[in-house]
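As structure tokens, the structure follows; a few thoughts come after it.
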Amino acid sequence: MRASHFPFPSHAMPTQLAALKQWVESVAGLTQPQAIHWCDGSDAENAKLIDLMLATGDLIKLNEKTHPNCYLHRSSPSDVARVEHLTFVCTSKEVDAGPNNHWMSPADAHAKMDALYAGCMRGRTMYVVPYCMGPIDSPLARCGVEITDSPYVVANMRIMTRMGAPALARIEREANFVRGLHSIGDLNPDRRFIMHFPEELAIQSFGSGYGGNALLGKKCHALRIASYQARNEGWLAEHMLIVGIENPKGETHYVAAAFPSACGKTNLAMLIPPEGYRRDGWKVWTVGDDICWMRPGSDGRLYAINPEAGYFGVAPGTSAKTNPNALAMLNKDAIFTNVGVTADNQPWWEGLPEGVPVKDWQGRDYDKANGPAAHPNSRFTVSAVNCPSYTAHAEDAQGVPLSAIVFGGRRESLVPLVFEARDWTHGVLVGAAMASETTAAATGAVGVVRRDSMAMKPFAGYNFGDYFNHWLSFDKPGAKLPKVFHVNWFRKGSDGKFLWPGFGDNLRVLEWMLKRVGGDAGAVETPIGHIPKADDLNTAGLDLPAAVLDQLLAVDRAGWQAEMQAIGEYFAGYGERTPAPLAAEQQRIAASLS
Ligand code: GDP
Ligand code: PGA
Ligand code: MN
Ligand code: MN
């Protein structure tokens with residue numbers, strides 16, 4: 001990093017950690033802020049930032065009666081989603097980033113970013129945000145410091161992470177932290193880059209204020225950098241929700257599920273059981289809705305923590321019918337980004353049965369001709385403890401033990417409602433072979449089927465070939481690994497409507513999985529895995545024609561032959577880094593289909 005005139009003396013910094021002081025000093029020298037503020041995460045600090053943003057128009061106050069302490073942020077209309085084409089993994093060797101990532105050499109990336117950062121904070125305040133990903137006392141947690149010139153980022157990081165004084169104390173103890181530098185720059189998409197330097201444990205982001213590009217603790221640290229660290233240290237950093245399912249006997253089993261962005265993680269994590277299940281005593285507990293860090297415990301099981309402290313969820317489609325828990329947690333202390341508003345200043349998005357939007361997400365008078373009132377990727381940010389189904393086990397320092405791992409995507413055809421992998425190697429294949437229709441969570445075309453291994457295509461910080469190998473490596477003597485499943489809530493009929501009711505009724509599928517784990521549910525063996533017969537699923541109280549259920553559980557052999565061939569070609573793209581056991585598994589399934 002280029003050092004130039006440094007405006008702030010390091011003795012004024014509230015830390016003794018030399019490495020942190022020096023880094024902050026060099027960033028200030030490069031970016032030339034007017035002031036530096038070290039965030040302590042206090043309520044008073046947050047109140048000041050909110051006032052500041054209300055004054056600048058960065059935040060708009062929502063209806064205090066219906067939504068106390070809730071705010072709306074309207075982003076630049078060209079800055080509403082993650083930008084995968086501008087996201088780079090900068091390893092010394094290109095092959096280590098893999099064909100799954102865009103790569104730039106560390107030297108080129110640093111030169112590019114230094115030029116963008118030079119003087120970029122003139123007239124602005126530079127915020128230094130120490131944060132911890134995971135419970136502050138957890139050995140699985142990891143810390144970072146984000147430097148940013150965006151108070152909106154600070155306010156969001158305060159909700160999404162354990163931010164402030166306790167994190168700084170842990171960083172000083174460990175003397176080890178991920179360095180994240182963020183500036184919104186001028187929000188010009190031509191001057192926007194999200195750079196990752198896994199070998200340096202560093203992130204540099206410029207030109208975007210959008211969550212996944214700017215809240216560096218989330219995707220950049222907890223997935224891209226952490227997945228790289230996890231491989232070296234023998235754990236996994238995954239794009240997964242974590243949910244606890246409590247059965248009528250009072251036993252809770254934890255399930256982690258990887259679905260691509262905007263494919264149902266937040267909804268499954270806070271599912272409300274169908275009425276009959278509620279009556280019988282089933283309960284659902286939310287541990288996390290987007291990211292899962294897991295590692296084997298001394299008993300051989302995989303233990304998982306949610307590194308985040310809040311939810312950054314998709315607003316459209318959230319309603320009392322689909323996700324009542326999410327709706328309930330949005331009644332207070334939430335930040336909304338790019339939703340519409342009603343005449344009495346309540347947040348509004350498509351899918352809410354009540355309320356009429358008067359302003360759209362860009363602040364224009366609402367007019368259907370301009371498209372939806374809320375941007376399809378509009379979001380809410382809210383603390384995890386706001387969720388009625390939040391469990392204190394989310395704070396367990398050792399994590400929760402996993403009984404099942406679920407992969408899934410949005411596939412309007414071919415892929416059955418659910419199937420179970422035969423063993424771990426097959427499970428890794430099922431995850432690696434995942435494909436899903438693209439969504440509004442990233443810029444680019446929507447609805448195009450693409451391979452998205454483990455829902456990590458945008459997030460793995462290293463070569464997928466090595467990543468698959470790392471997954472396979474967990475199958476070792478003494479391991480008691482979770483069973484692996486694949487689901488698809490998104491099959492459509494010829495009328496274009498979803499065949500499966502989804503949402504709360506997804507518990508019916510989870511119940512079957514957990515019974516399979518316990519060894520007391522039936523299934524038929526097919527070349528793609530074990531599939532429930534219609535009467536293996538509890539459909540009591542469900543209004544679903546038998547023919548539709550049969551369609552949801554059928555294996556289209558010809559379709560799967562083509563799919564397996566495409567999967568084989570996909571693996572071939574990783575060349576010699578594709579693990580041999582995975583290629584063998586693919587060939588075995590392809591052969592059994594023909
Ligand atoms: P995430 O981004 O993976 O956390 O996905 P969300 O849970 O926020 O859901 C993204 C979108 O998919 C929202 O519009 C949801 O209403 C919708 N969705 C979630 N679960 C289901 C489901 O089971 N069935 C259907 N049809 N839609 C769903
Ligand atoms: P999501 O999280 O998975 O809830 O959509 C944000 C993202 O992946 O961009
Ligand atoms: Mn996500
Ligand atoms: Mn989500």
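On the stretch given as region 424-453, residues that are in a strand (DSSP E or B), open to solvent by 10 Å² or more (accessible area, probe 1.4 Å) and within 16 Å of ligand 2 (Cβ to nearest atom) total 3. Close Cβ contacts (under 8 Å, 6 or more residues apart or on different chains) running from residues in region 260-275 that are within 7 Å of ligand 2 (Cβ to nearest atom) and in a helix (DSSP H, G or I) to residues that are charged (D, E, K, R) and open to solvent by less than 10 Å² (accessible area, probe 1.4 Å) comprise 265/289; 266/289. Residue-level analysis places residue 415 outside the set of residues that are within 16 Å of ligand 3 (Cβ to nearest atom), among the β-branched types (Val, Ile, Thr) and buried (at least 24 other Cβ atoms within 10 Å of the Cβ).
Checked against the criterion of being of a type in the set (Val, Ile, Thr), within 16 Å of ligand 3 (Cβ to nearest atom) and within 30 Å of residue 449 (Cβ to Cβ), the candidates 314, 255, 339 yield just one match: 314. Residues that are of a type in the set (S, T, N, Q) and in the same structural domain as residue 439 (by TED's automatic domain parsing) are absent from region 193-213 altogether. Among the residues of this structure, residue 222 counts as one that is within 16 Å of ligand 3 (Cβ to nearest atom) and out of contact with any Leu (no Cβ under 9 Å at 6 or more places or on another chain). Scanning region 63-113 for residues that are open to solvent by 20 Å² or more (accessible area, probe 1.4 Å), assigned to a helix (DSSP H, G or I) and either more than 18 Å from residue 459 (Cα to Cα) or not assigned by TED's automatic domain parsing to the domain that holds residue 27 (or both) gives 106, 107, 108, 110, 111, 112.
Scanning region 577-594 for residues that are touching a residue at least 24 places away in the same chain (Cβ under 8 Å) and within 17 Å of residue 464 (Cβ to Cβ) turns up 577, 578, 579, 581, 582, 585, 586.
All of 407, 464 fail the test of being at pLDDT 95 or above and either closer than 17 Å to residue 290 by Cβ or within 16 Å of ligand 2 (Cβ to nearest atom) (or both), apart from 407.
The values are calculated or read from the model by the stated rules, or taken from the named source; none is laboratory data. As the structure is a computational prediction, the values presented were derived from the model and not from experiment. Every residue, glycine among them, receives a Cβ derived from its backbone with ideal geometry; neighbour counts consider all protein chains shown. Heads up: the accessible areas ignore ligands, DNA and RNA and are worked out on the full protein's heavy atoms, side chains in. Shrake-Rupley method; radii C 1.70, N 1.55, O 1.52, S 1.80 Å.
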